[in-house]
Amino acid sequence: MNTKTSHFIKALPLAVVLFAASVISSCQKDNSAPQTITNATNSKLKVNGTAKYDNGFFIINEGWYGHGTGNVSFYNFATGTIADSTFTKENPGKNLNPTSSTLQYGTIFNDKLFLVSKVGGPFVVANSHTLVEINRIAAKSGNDFRAFVGIDTTKGLISTNSGIYPVNLQTLALGTKLTTVTGQVGDMIKAGNYVFVLSQTNGVVVLDASTYAVAKTISGMLCAFARTPDGAIWAAGGTQLVRIDPSTLTTTTVTIPFSIYGSWSAWHPGSITASTTENAVFIAQNATSSGGTNVYKYTAANSASFTTPFLTVATGRELYGSGIGYDPAHNQLIVNTVHSGFTTNFSFNDLCFYNATTGALINDVAYNGYFFPSIVVFH
């Protein structure tokens with residue numbers, strides 16, 4: 001079941017009643033409540049000597065099935081506000097349709113923002129400082145992308161519901177599908193001479209970055225990837241958190257006292273991230289089919305890392321999508337939540353900022369609309 005279908009199933013019964021009462025509409029803001037979202041404009045690209053989209057981070061939103069495709073929001077550190085629909089506002093006449101697709105993943109590579117859609121959507125490259133589109137693979141019914149990783153200045157890889165394709169970054173043309181990895185593939189990361197990919201069938205598959213030959217397979221992994229300052233790559237699955245040395249591919253396993261689940265039935269990026277100031281891994285304790293409420297912080301020096309959650313979101317909320325991301329500029333953990341209970345509850349969002357050292361809540365920005373945030377992306 002794809003994510004868009006999942007949204008439809010969750011929201012349909014109550015939505016029928018609410019439409020009759022004219023209460024909701026797709027991604028409609030509730031102007032009767034405090035609203036922190038501001039509108040982006042096509043104004044000058046330089047603000048206080050920096051590019052328009054440098055002082056903040058992007059929120060990649062799935063969008064709500066049948067009512068509007070996903071889009072890109074931007075949180076501005078200077079103003080403390082969220083601008084919605086920034087991609088379409090910076091690119092008049094262009095969109096991320098069809099509405100049956102899901103904008104699921106984003107990453108910045110070589111100053112370009114790569115936007116990846118599932119279920120027939122496009123694969124788009126934009127300038128990460130201005131959001132002006134550079135190129136795209138057009139939307140079509142055969143597309144079913146998952147994630148992107150850059151290999152070098154001329155090539156990258158894109159994962160799909162059925163394998164991995166090389167991408168020419170100059171023309172954005174897809175090459176011949178790799179024969180070394182089959183089935184649905186999600187998150188990917190490059191480290192040293194290897195590319196680490198998460199496969200639904202085989203767990204973590206480590207590929208030679210030059211030949212794409214399989215160098216190692218780590219079965220049972222369902223959630224990936226994080227990279228700590230020591231260079232280690234991290235993945236998890238079942239009751240195991242695994243550290244992978246990117247040079248030797250040696251693994252070290254840490255036992256977790258709860259189960260780590262994947263998201264293959266309605267794929268979203270993994271709920272795992274890492275600090276850039278200490279060798280610490282943050283991982284969410286998600287449920288099998290919905291977001292969790294606890295986030296743990298693991299460090300090798302703390303034997304009690306999994307005894308108590310590092311943070312627990314406010315009562316009545318749950319993580320959505322990846323749910324967690326690390327802000328390297330301010331040593332903050334960024335947490336995306338929606339209100340629990342499906343249907344209209346998923347129109348109430350909170351963007352929460354936690355101190356990544358202490359776990360203390362720094363700020364909570366509430367905003368309304370059926371955005372379904374998938375992942376946050378930092379420069």
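Remarks
- Counted residue by residue at 0.36 nm each, then reduced by the alpha carbon distance between them, the extension gain from A173 to D364 reaches 64.6 nm.
- Two-site label geometry, K140 and T180: point separation in nm, points 7 Å out along Cα→Cβ: 2.7
- Shape box of the stretch 181-318 [Cα atoms, principal axes, largest first, Å]: 49, 35, 22
- Just checking the listed ones, A147, A284, A215: in the Gaussian network model of the chain with Cα springs under 10 Å, the one fluctuating most is A215.
- Which labelled figure in [x] 0.94; [y] 1.05; [z] 0.97 is Rg/Rh (Cα atoms, Kirkwood Rh), once derived from the coordinates: [x]
- For the chain: accessible area per residue (Å², 1.4 Å): 39
- Nitroxide proxy distance, nm - points 7 Å out along Cα→Cβ at A329 and D350: 2.4
- Theoretical gain in end-to-end length, S259 to T308 [0.36 nm per residue, Cα-Cα removed]: 16.1 nm
- Long pairs among K89/K118; K52/K155; K94/K155; K140/K297, criterion Cα-Cα beyond 32 Å: K140/K297
- Surface composition of the stretch 105-239: carbon plus sulfur atoms hold 48% of the accessible area, using a 1.4 angstrom probe and ignoring ligands, DNA and RNA.
- Comparing Cα centroids, the stretch 116-167 and the stretch 190-229 end up 19 angstrom apart.
The values are calculated or read from the model by the stated rules, or taken from the named source; none is laboratory data. No experiment lies behind these values; they were computed from the predicted model shown. Counting neighbours? That spans all protein chains shown, and the Cβs are built from the backbone with ideal geometry, glycine included. Heavy atoms of the whole protein, side chains included, go into the accessibility calculation; ligands, DNA and RNA do not. Shrake-Rupley method; radii C 1.70, N 1.55, O 1.52, S 1.80 Å.
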